[in-house]
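Colleague: If you scroll down you'll find the structure; I have some questions about it.
Every number here is computed from the coordinates shown, using simple stated rules; none is lab data. Worth saying up front: this structure is predicted, and the values here are computed from it rather than measured. Note that each Cβ is placed from the backbone with ideal geometry, even for glycine, and that neighbours are counted across all protein chains shown.
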Amino acid sequence: MSKSATERLNEVQAEIEKACKIARRKPEEVTLVAVSKTHDAETIRPLLEAGQRVFGENRVQEAQDKWPALREEYPDVELHLVGQLQSNKAEDAVELFDCIHSLDRPSLVKALCKAFEKTGKQVPCFVQVDIGEEEQKGGCAIADLPALLEQAREAGIPIAGLMCVPPFGIEAAPYFALLAKIADDHELKGRSMGMSGDYSTAIMLGATHVRVGTALFGRRDS
Ligand SMILES: *Cc1c(COP(=O)(O)O)cnc(C)c1O
């Protein structure tokens, strides 16, 4: 039989601790974001029961359908948006999420500002960097990052740090190292990097937030 959610959570936490030990970091410096996209409440609940409180979703609508009810049971849940955000969903996203990992363009800075004003709530945002310079992927081009950061700061958006999704299927470490360097250059502490296949590597290279789905929930049906 397959492992229970608790066993998977324990394994991921043990891996995080191991990576922290090697890197001489404290496990408290790393936030495990359990990416629960495509999984229903019944699949998520065992992880909540096991004590996990930080979750990630990649679609606003899907999160709106799932999380309000779960939050009534677990009011201390922290919800992160890890997927691309359309400007017309900014207000819904701000209402529901506690952190956004995908700020990547000037129009979204504007939409988020408006949403902050309208809802009276501010949400910390990671600026997503297109670290592999891939055409079709989300994220701000490395060359455009200084201007976007300045615009976001001037607009009063709380910047949590930088986020990246490295190119698929090749060694991620150089991209994690590059994101960490760029974050250093801009004196940003937060680094949202690392997924199921590479979160240990990401932690050794300075990740503060790892976004782990498959290793906690099993494969997603697509
Ligand atoms: C789905 C997703 C993850 C989790 O990926 P796994 O490989 O299942 O751990 C992390 N980050 C983002 C942006 C995602 O969309």
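Colleague: By a straight-distance test (C-alpha under 20 Å), which lysines pair with LYS89 as possible cross-link partners, with residues fewer than eight away in the same chain excluded?
Modeller: Once the sequence-local lysines are set aside, what remains near LYS89 is LYS37, LYS66, LYS110, LYS114, LYS118, LYS121, LYS137.
Colleague: Which ³J(HN,Hα) values, rounded to whole Hz and listed in residue order, are derived for the range 92-103 from phi using the Karplus coefficients 6.51, -1.76 and 1.60 in 6.51 cos²θ - 1.76 cosθ + 1.60 with θ = phi - 60°, glycine and proline given as x?
Modeller: 4, 5, 5, 5, 8, 9, 9, 7, 10, 9, 10, 6
Colleague: Can you give the Kirkwood hydrodynamic radius for the chain, in Å, rounded to one decimal and based on Cα pairs?
Modeller: Details: mean 1/r = 0.0565 Å⁻¹.
Averaging 1/r across every pair of different Cα atoms and inverting gives 17.7 Å.
Colleague: Report the net charge of residues surrounding GLY139, where surrounding means a beta-carbon distance below 15 angstrom and charges are Lys +1, Arg +1, Asp -1, Glu -1. Let's see the in-between values first.
Modeller: Numbers: positive: ARG105, LYS137, ARG191, ARG211; negative: ASP104, ASP130, GLU133, GLU134, GLU135, ASP144.
Cβ neighbours under 15 Å give a net charge of -2.
Colleague: Also: I'd like the FRET efficiency for GLN13 and ASP144, computed as 1/(1 + (r/R0)^6) with the beta carbon distance as r and R0 of 35 Å, rounded to 0.05. All intermediate terms of the calculation are to be shown ahead of the outcome.
Modeller: Details: r = 36 Å, r/R0 = 1.04.
Calculated value: 0.45.
Colleague: For the range 5-216, what is the relative contact order in percent, using Cα pairs closer than 8 Å and at least 6 residues apart in sequence? Each step should come with its number before you reach the end.
Modeller: Numbers: 387 pairs, mean separation 43.4, N = 212.
Relative contact order for the range 5-216 comes out at 20 percent.
Colleague: On to the next question. Looking only at VAL123, VAL77, VAL33, which one moves most when the chain is put into a Gaussian network model with springs between Cα atoms under 10 Å?
Modeller: Greatest mean-square fluctuation among the candidates belongs to VAL77.
Colleague: Could you tell me how far the Cα centroid of the range 25-92 sits from the Cα centroid of the range 163-201, in Å?
Modeller: Each part's Cα centre sits 21 Å from the other's.
Colleague: Then there's this: Which residue, SER200, SER36, SER87, tops the fluctuation ranking in a GNM of the chain built on C-alpha contacts under 10 Å?
Modeller: Of the options given, SER87 has the highest mean-square fluctuation.
Colleague: At 222 nm, what helix-only mean residue ellipticity would the chain give, in deg cm²/dmol to the nearest 500, using -39500 (n - 2.57) for each DSSP H run of four or more? Spell out each step's value before the answer.
Modeller: Working: 9 runs with 95 residues, N = 222.
When only DSSP H runs of four or more count, the value is -13000 deg cm²/dmol.
Colleague: Work out the length of the dipole vector of the chain about its Cα centre, built from +1 on the beta-carbon of each Lys and Arg and -1 on the beta-carbon of each Asp and Glu, and round it to the nearest 20 debye. Could you put the intermediate results ahead of the total?
Modeller: Values: 27 positive and 35 negative charges, 54 e Å.
Approximately 260 debye in magnitude.
Colleague: Could you list which residues have their amide H under 5 Å from that of GLY194, counting only those 5 or more apart in sequence or on another chain, with H placed in the peptide plane?
Modeller: ARG211
Colleague: Using 0.36 nm times the number of residues separating GLU28 and GLN84, minus their current alpha carbon distance, what extension gain do you get?
Modeller: On the way: separation 56, 0.36 × 56 = 20.16 nm, distance 2.73 nm.
In short, 17.4 nm is gained.
Colleague: Comparing ALA207, ALA69, ALA19, which has the greatest mean-square fluctuation in the GNM of the chain with Cα pairs linked when under 10 Å apart?
Modeller: ALA69
Colleague: Would you mind calculating the gained length between LYS21 and GLU42 on full extension (0.36 nm times residue separation, minus the Cα-Cα distance), in nm to one decimal?
Modeller: Details: separation 21, 0.36 × 21 = 7.56 nm, distance 3.38 nm.
Extra length available between LYS21 and GLU42 comes to 4.2 nm.
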